[in-house]
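Report on one structure; see the data block that follows.
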Amino acid sequence: NQDEDKLTEYMDELEFLAFTAGATVQKRFTQKLTQPDSKTFIGSGKAQEIKEYVKENEIGTIIFDDELSPSQLKNLEREIEVKILDRTNLILDIFAQRAQTSYARTQVELAQYQYLLPRLTRMWTHLERQKGGIGMRGPGETEIETDRRIIRDRISLLKDKLKTIDRQMATQRNNRGKVVRAALVGYTNVGKSTLMNALSKSEVFAENKLFATLDTTVRKVVIGNLPFLLTDTVGFIRKLPTQLVESFKSTLDEVREADLLIHVVDISHESFEDQVESVNQTLMEINAHQKPMIMVFNKIDDFSYDKKDDDDLTPSTKKNVSLEEWKKTWMAKSKYPTVFISALTKENFPEMKKMIYDEVMKIHISRFPYND
Ligand code: GDP
């Protein structure tokens, strides 16, 4: 059943996100509804089932794969009596943990406040409950208003700060002159940093968690005497919180202003086609979809769906499909130069380098037409 495969993939990803944030997942709950309950997102029977499980197993947090509205969050917390995170909240938390530079930290803080602002009443309601549910008006309202004002002030301060840094970064980009700029794009955890390390011979943090890369790293790369700049960007992910899309503008500017995109795909991932789709969607949103692009299918050393036969998470439709068969699918018809590599074992690196060289050279020649 395809729907169920999708669902499992989504839940796998959510579990991986939770793991990245430092949580261990005990149990998954799913529910099929024609549309989410406007008040509690899930049905009341399901909420009850979760509540019982939470009580029995002393669960500390419930995580939802979708973004809940402020009132859904409030209602659910009241009903299940446990801390509730939604996908947005979880991703914000991971970004907060991983922000290295002051720029990334400012971006995350801004996104967090933007997420928090419409949810302030929720915290107040909790306080109120603790106080024994005294009247809805009076000092409470004033307090929320004060908090809101403080947060709004903070938000505009952070926005100003980001604007200043954005300008500095734009200047820096301009100062890079006419050197061709390539940007690594791709879903999170596909191997962008590993590839960056392999190409630039310098160490970039790479690990098997989501969003190891929060800040953009720019390195000079030379292939066959042809120098160019290579940027490693934040990994894209399905349903990236809108607060983050906006606040990571500068990171995405690196992509927008690149001359060439190197789209890295983790072909060992069961849902790599969805990931490609998701990345293309984001590229479209930031208006970067018409740039020259190279498709790099990575992790061929790990490619083997039948290897995972015992793993019931593998969509059955993709079992026993060899890499050669895959290559004959839509990939063969791709309008972009396409190469299959392993960033780990460096298999097919010469072919990839030649491809990058050719593309960079094309851009270089169009830029300096009168050089020999
Ligand atoms: P990024 O999030 O796209 O920058 O991905 P990373 O470079 O951090 O890599 C994510 C994980 O995939 C790390 O554990 C890497 O060691 C692993 N990885 C990267 N390239 C390959 C590859 O070609 N083959 C295999 N098997 N693993 C890889």
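Just so you know, all these numbers are worked out from the coordinates, no wet-lab data involved. Given the structure is predicted, the values throughout are model-derived calculations rather than measurements. Ideal geometry is used to build each Cβ from the backbone, glycine not excepted, and the neighbour counts take in all protein chains shown.
Close amide H partners of residue 217, meaning residues 5 or more places away or on another chain with modelled amide H under 5 Å apart, are 232. With the simple spin-label model, which puts each label point 7 Å out from Cα in the Cβ direction, the residue 30 to residue 97 separation comes to 2.5 nm. The slack in the chain from residue 287 to residue 57, taken as 0.36 nm per residue of separation less the alpha-carbon distance, amounts to 78.1 nm. Using R0 = 56 Å, the C-beta based FRET efficiency linking residue 327 and residue 161 works out to 0.75.
Does the stretch 2-95 classify as rounded, prolate or oblate by the C-alpha gyration tensor (a ≥ b ≥ c root eigenvalues; a/c under 1.5 gives rounded; else a/b over b/c gives prolate, otherwise oblate)? Working shown, then result.
Values: a/c = 1.31, a/b = 1.12, b/c = 1.17.
It comes out rounded by the Cα gyration axes.
Spin-label model, residue 171 to residue 153: label points 7 Å out along the Cα-to-beta-carbon direction sit 2.9 nm apart. Set the Förster radius R0 to 30 Å, insert the Cβ-Cβ distance between residue 334 and residue 15 as r into 1/(1 + (r/R0)^6), and round the FRET efficiency to 0.05. FRET efficiency, residue 334 to residue 15: 0.45. Taking a Cβ cut-off of under 10 Å around residue 115, the surrounding Lys, Arg, Asp and Glu residues balance to a net charge of -1, with basic ones at +1 and acidic ones at -1.
Under a Cβ-Cβ cut-off of 9 Å, what is the net charge of the residues other than residue 9 that fall near it, where Lys and Arg count +1 and Asp and Glu count -1?
-4
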